[in-house]
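Notes follow the structure.
Each value in this text was obtained by applying a stated rule to the coordinates, not by laboratory testing. Note that the coordinates shown come from a computational prediction; the quantities given were computed from them, not determined experimentally. Virtual Cβ from ideal backbone geometry, glycine too; neighbours counted across all protein chains shown.
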Amino acid sequence: MKIAADRNVENDRLRDPSVAARVDKSATSQAIDPDRQIDFTRAVENSRSRRARGSLLRQLARLLLPTASDPSLYGNERSIELLQHVVDNVLPRLGTESDVTELAAQVLNEEIDQRLQWEEARRNAEAEESDR
């Protein structure tokens, strides 16, 4: 329905006392049944608690997130394995130009080399400390 300024609105109908009287009669206050009040209160509280927990989709997403309980996930060996996997398996499948893929592989291989050197230096430092 299109709303226009020239639309006829029956303002008199809204001011009619008989319409107001019908509304007043239907809106009389009555005593509330205590059992129904308890049910209503319980329903409101349940609704609030559901809103506080978030949607079901958000709850499922939270349950499916991996927990970081294993510290080896963040270890240097694992990161080297992941970087090597990207170089060996992911980069060749990207479908980018060969020079871009080569450059990305070169950067990742440099990162792997730096991590290996850091790991070797850490082992040497630990060996020197244990010799003391």
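The ranking of T101, T67 by Cβ neighbour count inside 10 Å, starting from the fewest, reads T67, T101. Each Lys and Arg adds +1 at its Cβ and each Asp and Glu adds -1 at its Cβ; summed about the Cα centre, the range 72-131 shows a dipole of about 300 debye. Remark: the range 31-43, residue by residue, has Karplus-estimated 3J(HN,Hα) of 5, 8, 5, x, 5, 5, 5, 5, 4, 5, 4, 5, 5 Hz, where x stands for each Gly or Pro and the curve is 6.51 cos²θ - 1.76 cosθ + 1.60 at θ = phi - 60°.
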